[in-house]
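> After the C-alpha cells below, expect a handful of questions from me.
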Amino acid sequence: MASSPIQAKLKELETPAVLLDATQLASNLSSMQKRADRHGVALRPHVKTHKSLEIGRRQLDFGATGITVATLDEAIVFIEGGFASITIARPMISATKWDRLFSALESHEADVRIVADSEEGLRIAADRAAAYDKKVGIFIKIDVGLHRCGLSPEDKRLLDLAIMAQEATHLDFRGILSHAGHAYAAGSSDEAANLAEQERRLMLVVRDTLLANDVPVPEVSVGATPTVLASTHFEGITEIRPGNYVFLDLLPVRAGVAQQSDIALSVLGTVISKNNDHFITDTGSKTLTSDTGVHGMTGTQGFGLAYPLDHYQAADHALIVEKVSEEHGLIRRTGFDMPIGSRVRIIPVHACPVANLAREYVVLDDDQLVTWPVEAAKGSR
C-alpha cells in the first residue's frame, strides 16, 4: 500500500506519540450534538476524556451548553481557560479544595455546579459557599447501577438532602445527576439501550418523588457514552454528559455502540526489537496504560489493536498488544513480518487514561501535523 503524505510525516515523527484524527474528531463532535438536539436535551460533555481546552472549545462551538469535569484540578484549568459553565461530577468534601475553587473564581467568572450524595458533602458545600458569599449549583447524585458514588433511588436520605440543598442560602438546587458507567460492560447495543432505559426510569422515579414533596427538580442529568449512543428514549431527561464519544476506543466498539472506523485517537509507536513471538515497541503502560476495561471491569483482549502504519485498520493486519511493561509493548506476531524500525499505529482499549498520560496530541489535519496541548493532564493534587 502506497504511503500518503501524512503517513510519510508520521514515519519521521518521534515516538511514542498520541495521534488525533481531526476529521474524525469533528464527525464525533457533530454527531453527538445532533443527537442531543434531535432529542431535545442539553449536551454537557465530560472533558476528563480529553482534558484539552482546544477540544472543549470545539465542543462549545458545536453547541454544548457547558462542560463536566471529574476533579478540581480539571475545573481550575477550564475556569482559567474561560469556560463559563462547569459541573464537577465527583463529590468534593475537602475545605482546602473549596478554597482553591473560590480562589480561581475570584479572577474568572463561571457558573460552577457540584454534586453531593451525603449530608457531610452538602454541608461543606453550603458552609464554604456561605464563607465566600458565593452561590453554587448543586445536584444530588443518584446510583443507577454502577455502585460507586450516589444514593440509591430508594434511599430515604434523598428527600432530606434535596430539602437541605433547597433551603441552604448559598446553594442552588439544580436537580439530580447519574452516571451509568456499568454500561461499558454491555455486550451489545441492545444491552446498553436497556441499561439506558433503566437509568432513565430510575431517575424519573426520583424526580417524581421529589416533585410530590414540593421539591422542584429543574434538571435530570445522565451521562455515559454507551448509554447515550444506544438510547432512543430521552423523555424526562434534560441533559446528557457523555465523555468518551470524542475519541471512542475499543470498549464502545465491543459494546456495539460504535464502529472501529469511528475512533479518532490512536498511538504511534516504533518496533524497537522482535523475537519469535512478539514485535517489541516503545509503547508500554506509560503510554497505552494497563487498562483492559473501565471501573475495574474486564474489557477486550490485550491492551490495544496494532496495525502497520501503511495498513491502519486493515482487518488482515490487526495484531494484539498482548503484554505491556512500563516502556515496552509486546505485540503478538502472526502471519507477516515487520522490520525493526517499522511504525505501528495502535488503537487503545481505553482512550481516557491514554490522553491523561500525554503532554500533547499530534493532530492529523488534512496533510498537516499540528500539536494541541493536553492542559489538564496528570494534574492530581
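The values are calculated or read from the model by the stated rules, or taken from the named source; none is laboratory data. Every value quoted in this text rests on a predicted model; they were computed, and no experiment measured them. Cβ coordinates were reconstructed from backbone atoms using ideal geometry, including for glycine residues, and neighbour counts include every protein chain displayed.
> Is at least one residue of segment 355-364 at pLDDT 95 or above, buried (at least 21 other Cβ atoms within 10 Å of the Cβ) and in a helix (DSSP H, G or I)?
Within segment 355-364, one or more residues are at pLDDT 95 or above, buried (at least 21 other Cβ atoms within 10 Å of the Cβ) and in a helix (DSSP H, G or I).
> Select from segment 206-231 the residues that are in contact (Cβ under 8 Å) with a residue 40 or more places away in the chain and either more than 27 Å from Asn244 (Cβ to Cβ) or assigned to a loop (DSSP other than H, G, I, E, B) (or both) and list them in ascending order.
Scanning segment 206-231 gives Thr209, Leu210, Asn213, Val215, Pro216, Val217, Pro218, Gly223, Ala224.
> All but one of (1) touching a residue at least 40 places away in the same chain (Cβ under 8 Å); (2) part of a helix (DSSP H, G or I); (3) crowded, with 16+ Cβ neighbours inside 10 Å hold for Ala130; which doesn't?
(3)
> Examine segment 62-82 for a residue that is of a type in the set (Val, Ile, Thr), within 20 Å of Thr371 (Cα to Cα) and in contact with a helix residue (DSSP H, G or I) (Cβ under 6 Å, 6 or more places away or on another chain), and state whether such a residue exists.
Scanning segment 62-82 turns up no residue that is of a type in the set (Val, Ile, Thr), within 20 Å of Thr371 (Cα to Cα) and in contact with a helix residue (DSSP H, G or I) (Cβ under 6 Å, 6 or more places away or on another chain).
> Of all residues in segment 58-111, which are free of Cβ contacts under 8 Å to residues at least 24 places away in the same chain, over 23 Å from Thr238 (Cβ atoms) and surrounded by 15 or more Cβ atoms within 10 Å (Cβ to Cβ)?
Once the filter is applied, which keeps residues that are free of Cβ contacts under 8 Å to residues at least 24 places away in the same chain, over 23 Å from Thr238 (Cβ atoms) and surrounded by 15 or more Cβ atoms within 10 Å (Cβ to Cβ), segment 58-111 yields nothing.
> If you don't mind, there's one more thing I want to ask. Tell me, which helices (runs of 4 or more DSSP H) lie completely within segment 1-107 with 1 or more residues that are farther than 24 Å from Val344 by Cβ and out of contact with any strand residue (DSSP E or B) (no Cβ under 7 Å at 6 or more places or on another chain)?
Details: elements: 5-10, 22-39, 53-62, 72-80, 95-107.
Helices (runs of 4 or more DSSP H) meeting the threshold: 22-39, 53-62, 72-80, 95-107.
> Identify the residue in segment 131-174 that is under 30 Å from Val257 (Cβ atoms) and basic (Lys, Arg) and, among all such residues, is modelled with the lowest pLDDT.
Among those that are under 30 Å from Val257 (Cβ atoms) and basic (Lys, Arg), it is Arg148.
> Can we say Gly243 is out of contact with any helix residue (DSSP H, G or I) (no Cβ under 8 Å at 6 or more places or on another chain), surrounded by 21 or more Cβ atoms within 10 Å (Cβ to Cβ) and in contact (Cβ under 8 Å) with a residue 60 or more places away in the chain?
On the way: out of contact with any helix residue (DSSP H, G or I) (no Cβ under 8 Å at 6 or more places or on another chain): no; surrounded by 21 or more Cβ atoms within 10 Å (Cβ to Cβ): yes; in contact (Cβ under 8 Å) with a residue 60 or more places away in the chain: yes.
Criteria not met by Gly243.
> Out of Leu248, Leu229, Leu177, I need the residue that is at pLDDT 95 or above and closer than 29 Å to Val136 by Cα. Which one? Quick ask: steps written out before the conclusion?
Working: Leu248 fails: closer than 29 Å to Val136 by Cα; Leu229 fails: closer than 29 Å to Val136 by Cα.
Going through Leu248, Leu229, Leu177 in turn, the sole match is Leu177.
> Going through segment 261-300 one residue at a time, which ones are under 18 Å from the mean Cα position of the chain (by Cα) and either outside the structural domain of His350 (by TED's automatic domain parsing) or assigned to a strand (DSSP E or B) (or both)?
Once the filter is applied, which keeps residues that are under 18 Å from the mean Cα position of the chain (by Cα) and either outside the structural domain of His350 (by TED's automatic domain parsing) or assigned to a strand (DSSP E or B) (or both), segment 261-300 yields Leu265, Ser266, Val267.
> Are any residues in segment 199-254 among the polar types (S, T, N, Q) and over 20 Å from Ser266 (Cβ atoms), and if so, which ones?
Thr209, Asn213, Ser221, Thr227, Ser231, Thr232, Thr238
> Whether any residue in segment 80-87 is touching a Leu at 6+ places or on another chain (Cβ under 7 Å) and of a type in the set (Phe, Trp, Tyr) is what I want to check.
From segment 80-87, those touching a Leu at 6+ places or on another chain (Cβ under 7 Å) are 81; that's our starting set.
This time we only want the ones that are of a type in the set (Phe, Trp, Tyr), so: none.
No.
> Return the only residue of Ala314, Ala377, Ala318 being of a type in the set (A, V, I, L, M) and under 17 Å from Val18 (Cα atoms). Walk me through it before giving the result.
Numbers: Ala314 fails: under 17 Å from Val18 (Cα atoms); Ala318 fails: under 17 Å from Val18 (Cα atoms).
Of the residues listed, the single one that is of a type in the set (A, V, I, L, M) and under 17 Å from Val18 (Cα atoms) is Ala377.
> Looking at (1) part of a helix (DSSP H, G or I); (2) over 22 Å from Gly175 (Cβ atoms), can you tell me which one Ala125 breaks?
Looking at each condition in turn, Ala125 falls short on (2).
> Related question: Looking at (1) without any contact (Cβ under 8 Å) to a residue 12 or more places away in the chain; (2) part of a loop (DSSP other than H, G, I, E, B); (3) charged (D, E, K, R), can you tell me which one Glu235 breaks?
Answer for Glu235: the failing condition is (1).
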